[in-house]
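Everything on this sheet refers to the single structure shown next.
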Amino acid sequence: MRARYRIPLKTAVGITAFGAACIGYAAGVEARSFRLRRVSVPVLPPGMHPLRVLQISDIHMVSGQRKKQRWLRELAALRPDFVINTGDNLSDPEAVPEVLDALGPLMEYPGAYVFGSNDYYGPRLRNPAKYLAEKISGEHGLNGNPPVVGAVHNPWEGMRDAFDAAGWVGLSNTRGRIKLDGGQEIALTGLDDPHIKRDRYGEVAGGPEEDADFSLAVVHAPYLRVLDAFTADRYPLILAGHTHGGQLCVPFYGALVTNCDLDTDRVKGLSTHRAGGNESYLHVSAGCGTNRYTPVRFACPPESTLLTLLPRPS
């Protein structure tokens, strides 16, 4: 007769309580534990004065998120030389005014932006296990899945118009420039979101602009085809977001997924990318928000990053 093995009641209760505590911490504590990452990158031409760049990403604003709004407003006290917004500002069609209010003080500084899929479309409830399935299959976003049908369209045009009115440069499949208070000119090349196949690299190909003091590349989702193109064109620095740093990570191990074809070792922070015999620095922001239907983070707190760009060795 086959023996029956049962989990003791106390053990089952303990496991359930531990799981509930983890979920409570992930939703009630860590998802609201905003912090600033500081990174130095040696990418400027020799002799150029260091520059401070504030990267904000994946805000995923939902109406009523007052603590997030206050924290974003306080970032203006850092007094960056310029701001780069790498997209996914929304997770609620009604939250555009709150995004603009939260970013208002930062919009007093020079800046540039790209949009992500969640700027264009409202979020949908999704089984988190699908992210693991997509990692195994290699089918991410619209690269392997059918186009979204019946999606809610966000009022992103008003957000774009407000950014433009503040002087921020839109970089959706185009180039632009920022002139800093010190007189330096920064050339930027950006793409629309590769996660939903809106990127058109052919429209911006050609590499850095020689008459600018510095050139960098900007995109929301760090898909390898985009990183390869930017790196082959010799951009010294690429800024991206989208990954949420993995969002739900395993302590002492790290992220399980990236929600794109980037490897998990580079899911957040500073790394390098090689393509076409060249090497670029890549910074991926873990972002400061979550999809409204999965408002949890574990071992991956929300963040923005202050990058100090330094002269490279001569």
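The values are calculated or read from the model by the stated rules, or taken from the named source; none is laboratory data. Quick caveat, the model's predicted, so the values are computed rather than measured. Note that we place each Cβ from the backbone using ideal geometry, even for glycine, and neighbour counts take in every protein chain shown. Note: accessible area is taken over every heavy atom of the protein model, side chains too, but ligands, DNA and RNA are not part of it. Shrake-Rupley method; radii C 1.70, N 1.55, O 1.52, S 1.80 Å.
When you check Tyr131 against the structure, is it in contact with a Cys (Cβ under 9 Å, 6 or more places away or on another chain), under 21 Å from Gly287 (Cα atoms) and surrounded by 17 or more Cβ atoms within 10 Å (Cβ to Cβ), yes or no? Please lay out each step first, then the result.
Details: in contact with a Cys (Cβ under 9 Å, 6 or more places away or on another chain): no; under 21 Å from Gly287 (Cα atoms): yes; surrounded by 17 or more Cβ atoms within 10 Å (Cβ to Cβ): yes.
No; evaluated as a whole, the condition is false for this residue.
So which residues in the stretch 113-127 are under 16 Å from Ile196 (Cβ atoms), assigned to a loop (DSSP other than H, G, I, E, B) and in contact (Cβ under 8 Å) with a residue 60 or more places away in the chain, if there are any at all?
So the first thing to find is which residues in the stretch 113-127 are under 16 Å from Ile196 (Cβ atoms), and the list is 114-124, 126.
Then keep just the ones that are assigned to a loop (DSSP other than H, G, I, E, B); that gives 114-116, 122-124, 126.
Correct list: Val114, Phe115, Gly116, Pro123, Arg124, Arg126.
Please determine, by comparing only the residues of the stretch 173-183 that are open to solvent by 40 Å² or more (accessible area, probe 1.4 Å) and not in a loop (DSSP other than H, G, I, E, B), which one is farthest from Val219 (Cα to Cα).
Only one residue fits best here, namely Lys179.
Quick check on the stretch 146-160. Is at least one of its residues over 14 Å from Tyr120 (Cα atoms) and surrounded by 12 or more Cβ atoms within 10 Å (Cβ to Cβ)?
If we filter the stretch 146-160 for residues that are over 14 Å from Tyr120 (Cα atoms), which is where we start, we get 146.
Still in the list and also surrounded by 12 or more Cβ atoms within 10 Å (Cβ to Cβ): none.
Within the stretch 146-160, not a single residue is over 14 Å from Tyr120 (Cα atoms) and surrounded by 12 or more Cβ atoms within 10 Å (Cβ to Cβ).
For every residue, the table says whether it meets (1) within 18 Å of Gly87 (Cα to Cα); (2) free of Cβ contacts under 8 Å to residues at least 60 places away in the same chain; (3) surrounded by fewer than 16 Cβ atoms within 10 Å (Cβ to Cβ).
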| position | (1), (2), (3) |
| --- | --- |
| Leu171 | yes, yes, no |
| Glu185 | no, yes, yes |
| Asp193 | yes, no, no |
| Glu209 | no, yes, no |
| Leu227 | yes, yes, no |
| Asp233 | no, yes, no |
| Cys249 | no, yes, no |
| Gly254 | no, yes, yes |
| Asp263 | no, yes, yes |
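Restricting to the stretch 190-205, what's the tally of residues that are hydrophobic (A, V, I, L, M, F, W, C) and farther than 15 Å from Gly241 by Cα? Talk me through it step by step, then tell me what you get.
Our first condition is that a residue be hydrophobic (A, V, I, L, M, F, W, C); within the stretch 190-205, this holds for 191, 196, 204-205.
Subset that is farther than 15 Å from Gly241 by Cα: 204-205.
So the answer is 2.
Would you confirm, using the coordinates I've provided, whether His273 is assigned to a strand (DSSP E or B), in contact with a helix residue (DSSP H, G or I) (Cβ under 6 Å, 6 or more places away or on another chain) and buried (at least 17 other Cβ atoms within 10 Å of the Cβ)?
On the way: assigned to a strand (DSSP E or B): yes; in contact with a helix residue (DSSP H, G or I) (Cβ under 6 Å, 6 or more places away or on another chain): yes; buried (at least 17 other Cβ atoms within 10 Å of the Cβ): yes.
Here the answer is yes, as His273 does meet what is asked.
Here are some conditions: (1) of a type in the set (D, E, K, R); (2) under 17 Å from Asp193 (Cα atoms); (3) outside any loop (DSSP other than H, G, I, E, B). Lys130 meets all but one. Which one does it not meet?
(2)
Here's the yes/no breakdown for (1) of a type in the set (Phe, Trp, Tyr); (2) over 23 Å from Ser117 (Cβ atoms); (3) open to solvent by less than 10 Å² (accessible area, probe 1.4 Å); (4) outside any loop (DSSP other than H, G, I, E, B):
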site: Val39; (1), (2), (3), (4): no, yes, no, yes
site: Pro46; (1), (2), (3), (4): no, yes, no, no
site: His49; (1), (2), (3), (4): no, yes, no, no
site: Gln55; (1), (2), (3), (4): no, no, yes, yes
site: Ser63; (1), (2), (3), (4): no, no, no, no
site: Arg70; (1), (2), (3), (4): no, yes, no, yes
site: Glu74; (1), (2), (3), (4): no, yes, no, yes
